[in-house]
Structures are given as C-alpha cells and as structure tokens.
Amino acid sequence: MVRYVIRRLLMLIPVLLGVMLIVFFFQTVSKDDPVKILLGQGALEEDVIAMRKKLGLDQPVVVQYFRYVWNFFTKGDLGTSYTTGRPVFEEIMSRFPYTLKLALLSVTIGSVIGIPLGIISAVKQNTWFDNAVRGFTVFMSSFPGFWLALLLIIVFAVKLDWLPSNGISDPAGWVLPVVCVSIGTITGLTRTTRASVLETIHQDFVRTARAKGQR
C-alpha cells in the first residue's frame, strides 16, 4: 500500500511539469503582455522595459520555465499574480476554505441523493422509476458544468430574482454553486451505484438467498 501511494505521488511530478510547460507555451503565443496589464496600456516604454527586466520576462521562455520549475520544487514558490501583485500561493489559500466547503457540501448532497437513487433504480430495474432515473442521469451528464451554471444564473438570479448571481455573504449565495456541483456528483454516483448493485444482485449467492426465501 505504501509503495502504491509513493508511486502515485511520483507520477504527479511529470503531470506538474507538463501542466507548467503547457501554461508557458500558451503564455508565449498569447498576445496579452503581463507588463502592460500591470502598468496599463499608457505606460512609458522605459517603465515597461524596467518592469520586464524586474520580472525576468526579458529572458528566453526556456530560461523562465526552468527558473519557475526550480523555484516551485525547491521553495514552493508559485510566482506572483500579475493582476493583484500578491503571491499566487496566498491567492489560492485565500480561496481554499470556500472551495473546500463547496466540495464538502456538494459531495454530501450528492451522496445522500445519488446512492439511494442508484440502489432503488437497480432493485427496480426496467421499471418506470429506473427509466426515469437513467434518463435524468444521461440528460444531466450531457450538460457542461459551465453551461449549467450560466443557465441557473439566468433562470434563478436574473429572471426570477430568487437567488444572488454572485457572492456568498449569506446562505442564499451558496445555493446555486452547490446545486451546480452537486448535480454532477449525483449523476455520477447514481450511475456507478446502479451498475455495482446490478452486478451484485445477479451473482449466485444472491440467487441462492432468494431461493431460500430471502427478500
């Protein structure tokens, strides 16, 4: 078990390197200049040159990439945000509690709804309930998450004005994000649970138990 965990953790290294390489590639081909984002479009040329040198953006992309990788693995430094000027790690950690709370709420709701739906759907296989659940999961899983989020905002925030479109200053602000993320969890858990239960109830020991009078 320990060997498996270590092997999986080591596999994260090439994944991280690949993600960093892709980000630097898109940064190279992008027309957005981070220096002009920081200083504004009307900044003087000498100020742009000085800021570019300060940030190390005057060096080749390969040098920037390996310097970033080195700082990340040796110091845990994710760099500085061009928008706020704060370290990226601080930006992430300031939002992490909200992300964690959203994930926990969504997984809890998804488990409470998705697992029972999958069990009942499997036990009542090929009934109207099973067909309705399968249709719902297929229909909802075909929606991209960002499109569903926009649809919920348009309907419940803009049209009906029942819920806020952004912000989490009160409990109502959590409703749309939690619903949007929970739907994906519900559909995934329902389909997985249904398949697992169907595989189990068709095994020989279940047939034997039913033959002996068990429900």
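The values are calculated or read from the model by the stated rules, or taken from the named source; none is laboratory data. Bear in mind that the values here come from a model prediction, so they are computed numbers and not experimental data. Note that each Cβ is placed from the backbone with ideal geometry, even for glycine, and that neighbours are counted across all protein chains shown. Accessible surface is based on the protein model in full, side chains and every heavy atom, while ligands, DNA and RNA are left aside. Shrake-Rupley method; radii C 1.70, N 1.55, O 1.52, S 1.80 Å.
Considering Leu100, Leu105, which residue is modelled with pLDDT of 90 or more and more than 30 Å from Phe24 (Cβ to Cβ)? It is Leu105.
For Ser142, the criteria (1) surrounded by 16 or more Cβ atoms within 10 Å (Cβ to Cβ); (2) out of contact with any helix residue (DSSP H, G or I) (no Cβ under 7 Å at 6 or more places or on another chain) hold in every case but one, which is (1). Only residues that are exposed (fewer than 14 other Cβ atoms within 10 Å of the Cβ) and either within 28 Å of the chain's Cα centre (by Cα) or basic (Lys, Arg) (or both) were counted across region 51-65, and they come to 2. Any residue that is farther than 25 Å from Glu91 by Cα, out of contact with any strand residue (DSSP E or B) (no Cβ under 6 Å at 6 or more places or on another chain), at pLDDT below 80 and open to solvent by 60 Å² or more (accessible area, probe 1.4 Å) - is there at least one of those in region 10-22? No; the residues of region 10-22 include none that is farther than 25 Å from Glu91 by Cα, out of contact with any strand residue (DSSP E or B) (no Cβ under 6 Å at 6 or more places or on another chain), at pLDDT below 80 and open to solvent by 60 Å² or more (accessible area, probe 1.4 Å). Taking the listed residues Thr200, Thr108, the one that is more than 30 Å from Arg95 (Cβ to Cβ) and not aromatic (Phe, Trp, Tyr) is Thr200, with no other qualifying. Filtered by the rule that a residue be open to solvent by 60 Å² or more (accessible area, probe 1.4 Å) and either without any contact (Cβ under 8 Å) to a residue 40 or more places away in the chain or under 12 Å from Ile183 (Cα atoms) (or both), region 122-133 gives Lys124, Asn126, Trp128, Asn131. The set of residues from region 66-116 being loosely packed, with under 11 Cβ neighbours inside 10 Å and of a type in the set (D, E, K, R) comprises Lys75, Arg95.
Within region 23-50, the set of residues being open to solvent by 70 Å² or more (accessible area, probe 1.4 Å) and acidic (Asp, Glu) comprises Asp32, Glu45, Glu46, Asp47.
Each residue in region 158-174 was checked for being crowded, with 16+ Cβ neighbours inside 10 Å and either among the polar types (S, T, N, Q) or in a helix (DSSP H, G or I) (or both), and 1 pass. Applying a threshold of 6 Å to beta carbon distances and a minimum spacing of six or more residues, or different chains, the list of pairs starting in region 58-77 at a residue that is more than 10 Å from Met20 (Cβ to Cβ) and free of Cβ contacts under 8 Å to residues at least 60 places away in the same chain and ending at one that is open to solvent by 50 Å² or more (accessible area, probe 1.4 Å) and among the β-branched types (Val, Ile, Thr) reads Val61/Thr28.
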